[in-house]
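A.B. asks: Have a look at this one before I ask anything.
Just so it is clear, none of the values below were taken in a lab; they were calculated from the coordinates. A quick note: this is a predicted structure, and the numbers were derived from the prediction, not measured. Methodologically, a virtual Cβ is constructed for each residue, glycine included, from the backbone with ideal geometry; neighbour enumeration extends over all protein chains shown.
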Amino acid sequence: MVALFLSSTMLCHPALAQDPLIQLQDINVSQAEETPISGGDGYRASETTAGFKGGVPVTEVPRSVSVVTAQEIEDRTPAQIEDAVAYTPGLNASNWGVDDRFDQFMIRGFETGSTGIFRDGLIQKTLNFSGFKTDPYLAERIDVLRGPSGVMYGPGDAGGMINIITKRPRFEKFGEARLQFGSHNTAQVAVDLGDHNEADTLAWRLTGLTRNGGNEAEGVEDDRTLGALALTWAPTDRTEVTFLGHYQEDSLAPNMLLPVAGEDYAASLGALPESFVNSQHDFNQFDTEGWSVGYQARHEVNSQLSLRQNLRYAKQDTEYRHLYFGGMANANTMQFWDFTVFEEATVLAVDTQVEYRGTFGGAENTLLAGIDYTRRILDGTQGFGSGYQISVTNPSYDFGVSDPGNYLDRKETEDQIGQYVQNHTRFSNGVTVTAGLRKSRVSTETEDRLGGTITTQDDDALTASLGATWDLGNGFVPYASYAEGFTTNIGSAFDGSPFKPTESKQFEAGLRYQPSGRNMLLSAAVFDVTKTNVLTTDPTNSGFQVQTGEIRHKGLELEARGQVTNTLAAIFSYSYIDAEITQSNNGDAGNRTGKVPEHLAALWLDYAFDGPMSGLKLGGGLRYVGESWGDNANTRQVEDYVLADLSVSYAWDDYRVSLGVTNLFDKDYAATCESVGYGCISGEGREITFALSRKF
C-alpha cells in the first residue's frame with residue numbers, strides 16, 4: 001500500500017506553551033505555539049484532534065472532550081494509562097482492579113479499554129489478549145472523546161475512545177534522567193533526551209526505561225524494558241515527516257478474582273486468609289514482546305490545500321498462563337481452571353487525508369476527506385484444562401499445574417476500510433457547525449486449524465454525526481450534537497444467520513464557560529446513548545445468542561480544569577449515569593446495566609508555592625466511585641468507595657525530587673464483582689513512588 005500523509009494538524013514542532021507563572025522546571029517541555037497534539041498549557045489544552053481530525057479549538061467541538069495534559073501526567077506520575085485518565089468525567093478507571101494485562105476503563109458506562117484505545121490517531125485496540133500497552137512515560141497527552149465515534153474511527157463501543165499522543169522530537173536540545181523506587185521492591189530508570197541540527201531541518205528524540213518490580217500479589221512481576229526513537233525531518237515549513245518506532249518487553253500479572261465470605265459461600269466458613277488473597281499460583285504469567293514502526297507526515301500544497309497521513313505497523317507476541325477462579329464447585333470448595341494463550345498479533349494501520357480550507361460568504365470552512373485501512377491478524381492457540389479444586393477452609397496454591405491441551409488453534413484476519421468526510425464551518429456570528437459521514441467495511445476470515453474449516457464474514461455500516469457550537473462572546477459556548485457508532489459481532493445465530501453489527505447513537509447537549517483572563521475551562525453536558533442489536537442469550541437454543549438486546553445510558557457530566565489562581569491548578573469531574581437494560585430475553589429488561597456506577601466524582605488540586613518556597617509543589621486528590629451491580633441480573637451489589645491520592649515535589653536548578661502515593665489510606669475495596677458464586681476482584685492498594693530526576 002502506498003503511503004502518503006498524516007493525521008491532524010501535526011504541524012510545526014510540537015511543544016507546550018507554558019504560562020510563565022507556572023513552575024517551568026516541573027515539566028519537560030519548551031515554550032512554543034500550542035498545537036492539537038502538543039502537551040497543553042498547564043492543566044488545559046486549547047486545541048484537539050478529537051471530534052475533528054484536522055484539529056480545532058476544544059470549544060468548537062460539539063461533543064464532550066477532555067485532555068490529560070503533559071503537566072497533569074508529570075504531576076501525578078501515573079503507573080498506567082488507565083491511571084492517567086482516572087480524573088476524567090464519565091470515566092471509571094481500573095474497573096477490573098488488580099489486573100496489569102491491559103489498560104481497562106469504562107466511559108459513560110460502556111467497557112471501552114479493549115475497544116477504544118488509539119495512539120497518534122491510529123487503532124491500538126486489544127486484539128484477543130494482545131493489548132499493545134503504552135507506558136505513560138511515552139505519552140505527551142491523552143485526548144478523551146465521549147460517546148460514539150464511528151465517523152472518526154470506525155468500529156468502537158458506544159462509550160467513546162481515547163487517543164494517546166506520543167512524545168516526539170522538538171527542535172531544541174533537552175534531556176532528562178529519572179531514578180524511581182516504589183512499593184513491592186520496584187525500581188525504575190528512565191531517560192528522555194533529544195536534539196536538532198543547526199538548520200532546524202532534523203530533530204530526534206530517544207525515550208526509554210527499564211523497570212523491575214511487582215504488585216501487591218506476592219511473587220508476581222511488574223517488569224518492563226522499553227525504548228522509543230523518533231526522528232522529525234522538516235525540509236521546509238510546508239513539509240514535515242516524523243518517524244516513530246519503539247520496542248517493549250513486559251512481564252506482568254493477571255487479575256485475581258476470588259469468592260467473598262457471606263456472598264459466594266457461607267460466612268460461617270470465614271474469610272479467605274490474606275496470605276492466600278494476596279498471592280497467585282506460580283503458574284500465572286503474562287509475558288509480551290512487541291514493537292512498532294511508522295511515520296506521520298504532512299505537506300501543505302498551498303495555503304488552502306494540505307495532505308496528511310499516519311502509518312504504523314505493530315507486532316506483539318504474548319505468552320499467557322493463568323490459574324483462575326471459575327466459581328464455587330460446591331458449598332466449601334473453589335473451582336480453578338488452567339488457561340493458556342500463545343499468540344502473535346500484528347496490526348497495519350494507515351490513514352490518508354486531504355484537507356481544503358476556504359472562506360465562503362464570510363464563513364471559514366474546512367473540508368476533510370480521507371480513507372483509512374487497517375489489517376489485524378491474530379495467530380495462535382488457547383488451552384483450557386480439567387481444573388483444580390481448592391478448599392475454602394484450607395486454601396493453598398501448593399500444587400503443580402501443567403499446560404492444558406488446546407481447544408482453539410486458529411488464525412483470524414480482519415480487514416477494515418473506511419471512507420469518511422468531515423466538514424467544519426465557522427461563521428462570523430460565533431456559530432460553528434461540524435458534520436461527518438463515514439462508510440465502513442469490515443471483512444473477517446477465520447481459519448480453524450483444529451476443525452479444518454475457514455469461515456468468512458463481511459459487515460458494513462454507514463455512520464453520521466452532526467453538531468453545532470455557539471460562542472456567545474461572554475465566555476459561554478453552548479453546543480448540541482448527534483453521533484453514531486457500531487461494533488462488529490463475529491459468529492451466527494442458531495439458524496446460521498450472521499450477526500449484524502451492534503449499533504449506537506447519542507444525543508448530547510452541553511455548555512462550556514471560559515472565565516475571562518483565566519486559563520480555565522468549565523463544562524457541563526447531558527447525554528442519551530442507546531445501543532441496539534446487543535447480543536443476549538438465546539432463550540430457546542442453549543449455547544446460542546440472539547440480537548434482541550438494547551441498552552440505554554442517560555446522564556450528566558461536569559468538568560472544570562485549569563488555573564484557579566496563579567499558583568493553584570485544579571481538576572474537578574462529576575458524572576451521573578442512569579443505565580438501563582431496555583430490552584432483553586433473559587429477564588433483565590428494566591434492570592440497571594451491570595458494573596456501571598450511578599455516580600462518579602473526582603477532585604485534584606495542585607499548589608505551586610512561590611516566594612521563599614518556590615519550587616515546592618503539593619498535590620492531592622479524591623476519587624469517588626458509587627455503588628453498582630456486579631451483573632445484569634442485579635443479584636449482587638458492589639459497594640461504593642473513596643480513594644485519596646497525594647503528590648509532593650521539589651525542584652531546584654536542574655533537579656527534581658517527588659513522592660507520589662495512590663490510594664493513600666490503603667482502602668480495601670472490590671473494584672468489580674461477578675454474579676453470586678463467581679467472586680470479586682480487589683481494587684488496587686496503596687502504591688508509593690519516590691523519584692529523583694535531573695535535566696541536562
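A.B. asks: Eigenvalues of the Cα gyration tensor times 5, then square-rooted: what semi-axes does that give for segment 297-343, in whole angstrom, largest first?
C.D. replies: On the way: eigenvalues 600, 41, 4 Å².
Taking √(5λ) for each eigenvalue gives 55, 14, 4 Å, largest first.
A.B. asks: Moving to a separate point now. If you look at just the Cα atoms of segment 348-472, how large are its Rg and its Dmax in Å?
C.D. replies: Looking at segment 348-472, its Cα Rg and Dmax stand at 25.8, 79 Å.
A.B. asks: Computed over the Cα atoms of segment 532-578, what is the convex hull's projected area averaged over all directions, in nm²? Each step should come with its number before you reach the end.
C.D. replies: Values: hull surface 21.0 nm².
So the Cα hull casts an average projection of 5.3 nm².
A.B. asks: Another question, then. Roughly what % of Cα-Cα distances in segment 652-696 sit above 13 Å, to the whole percent?
C.D. replies: Numbers: 670 of 990 pairs.
Considering segment 652-696, 68 percent of its Cα-Cα pairs are separated by more than 13 Å.
A.B. asks: Sticking with this one: Once the convex hull of the C-alpha atoms of segment 261-352 is built, how many Å³ does it hold per residue, rounded to a whole number? Each step should come with its number before you reach the end.
C.D. replies: Details: hull volume 16.3 nm³, N = 92.
Enclosed volume per residue, from the Cα hull, is 177 Å³.
A.B. asks: Could I ask something else about it? Looking at this model, which pairs from K439/K500; K133/K617; K315/K439 are more than 22 angstrom apart at the alpha-carbon? If you can, show how the numbers build up before the last one.
C.D. replies: Values: K439/K500 16 Å; K133/K617 30 Å; K315/K439 27 Å.
K133/K617; K315/K439, as the Cα separations exceed 22 Å there.
A.B. asks: Also, I was wondering about something else. One quarter of the convex hull surface, Cα atoms only: what value does that give for segment 253-295 in nm²? Before the final figure, lay out each step's value.
C.D. replies: Working: hull surface 21.2 nm².
Mean projected area of the Cα convex hull: 5.3 nm².
A.B. asks: Could you tell me how far the Cα centroid of segment 352-370 sits from the Cα centroid of segment 432-487, in Å?
C.D. replies: Result: 21 Å between the Cα centres.
A.B. asks: Here is a follow-up. Full-extension gain between A644 and H184, please, as 0.36 nm times their residue separation minus the C-alpha to C-alpha distance.
C.D. replies: Values: separation 460, 0.36 × 460 = 165.60 nm, distance 1.96 nm.
Additional length available on full extension: 163.6 nm.
A.B. asks: Two-decimal Rg/Rh of segment 456-578 from alpha-carbon positions, Kirkwood Rh? Let's see the in-between values first.
C.D. replies: Numbers: Rg = 20.8 Å, Rh = 17.7 Å.
Computed over Cα atoms, the ratio is 1.18.
A.B. asks: Convert 20 °C to kelvin, take the viscosity as 1.002 mPa s, use the Kirkwood radius over C-alpha pairs of segment 170-268 as Rh, and evaluate the Stokes-Einstein diffusion coefficient in µm²/s, rounded to a whole number. Intermediate results must be reported in sequence, preceding the final value.
C.D. replies: On the way: Rh = 17.0 Å.
Answer, rounded: 126 µm²/s.
A.B. asks: How high is the FRET efficiency from Q637 to R357, r the C-beta distance, R0 56 Å, rounded to 0.05?
C.D. replies: On the way: r = 53 Å, r/R0 = 0.95.
My answer for the efficiency is 0.55.
A.B. asks: Assign unit charges at the C-beta atoms only (+1 for Lys and Arg, -1 for Asp and Glu), then state the dipole size of the chain relative to its Cα centre in Debye, rounded to the nearest 20. Before the final figure, lay out each step's value.
C.D. replies: Values: 53 positive and 93 negative charges, 361 e Å.
So the magnitude is around 1740 debye.
A.B. asks: From the backbone phi of segment 48-60, what are the Karplus-calculated ³J(HN,Hα) couplings (6.51 cos²θ - 1.76 cosθ + 1.60, θ = phi - 60°) in whole Hz, Gly and Pro given as x?
C.D. replies: 7, 9, 6, x, 8, 5, x, x, 9, x, 4, 5, 9
A.B. asks: If one computes the Cα centroid of segment 594-634 and of segment 107-146, what distance in Å separates the two points?
C.D. replies: One Cα centre to the other: 21 Å.
A.B. asks: Any idea how far the Cα center of segment 637-682 sits from the one of segment 403-430, in Å?
C.D. replies: Taking the Cα centre of segment 403-430 as reference, the centre of segment 637-682 is 33 Å away.
A.B. asks: So, one more: Short version: ³J(HN,Hα) in whole Hz for each residue of segment 116-128, in order, from phi by Karplus 6.51 cos²θ - 1.76 cosθ + 1.60 (θ = phi - 60°), x for Gly and Pro, what are they?
C.D. replies: With coefficients 6.51, -1.76 and 1.60, one gets x, 9, 10, 10, 6, x, 10, 4, 9, 6, 5, 10, 6 Hz.
A.B. asks: Something else now. Go through segment 398-403 residue by residue and turn each phi into a ³J(HN,Hα) via Karplus (6.51, -1.76, 1.60, θ = phi - 60°); whole Hz please, and just put x for glycine and proline.
C.D. replies: Calculated HN-Hα couplings, in order: 7, 7, x, 9, 10, 4 Hz.
A.B. asks: Residues in segment 297-337, backbone N under 19 Å from the label point at S391 (7 Å along the Cα-to-beta-carbon vector): list them, ranges by number please.
C.D. replies: Within reach of a label on S391, which here means backbone N under 19 Å from a point 7 Å along Cα→Cβ, segment 297-337 contributes 328-336.
A.B. asks: Kindly state, as a whole number, the per residue volume in cubic angstrom of the convex hull around the alpha carbon atoms of the chain.
C.D. replies: Values: hull volume 101.0 nm³, N = 696.
Dividing the Cα hull volume of the chain by its residues yields 145 Å³.
A.B. asks: Something else: Full-extension gain between V260 and Y313, please, as 0.36 nm times their residue separation minus the C-alpha to C-alpha distance.
C.D. replies: Working: separation 53, 0.36 × 53 = 19.08 nm, distance 4.38 nm.
Going from the current span to full extension adds 14.7 nm.
A.B. asks: If you stretched the chain out fully between L618 and N365, how much longer would it get, using 0.36 nm times the residue separation minus the C-alpha to C-alpha distance?
C.D. replies: Numbers: separation 253, 0.36 × 253 = 91.08 nm, distance 4.44 nm.
Separation in residues times 0.36 nm, less the Cα-Cα distance, equals 86.6 nm.
A.B. asks: Next question. Dividing the alpha-carbon Rg of segment 112-220 by 2.2 N^0.38 Å yields what?
C.D. replies: Rg over 2.2 N^0.38 Å, computed on Cα atoms: 1.35.
A.B. asks: Let me test this: with uniform point scatterers at the alpha carbons of segment 181-226, what is the Debye-based log₁₀ I(q)/I(0) at q = 0.13, 0.29, 0.30, 0.31 1/Å?
C.D. replies: -0.45, -0.98, -1.00, -1.03
A.B. asks: Can you give the translational diffusion coefficient of segment 597-696 in µm²/s, computed by Stokes-Einstein from the Kirkwood radius over Cα pairs at 10 °C and 1.306 mPa s? Numbers along the way, then the final one.
C.D. replies: Working: Rh = 15.9 Å.
This corresponds to a translational diffusion coefficient of 100 µm²/s.
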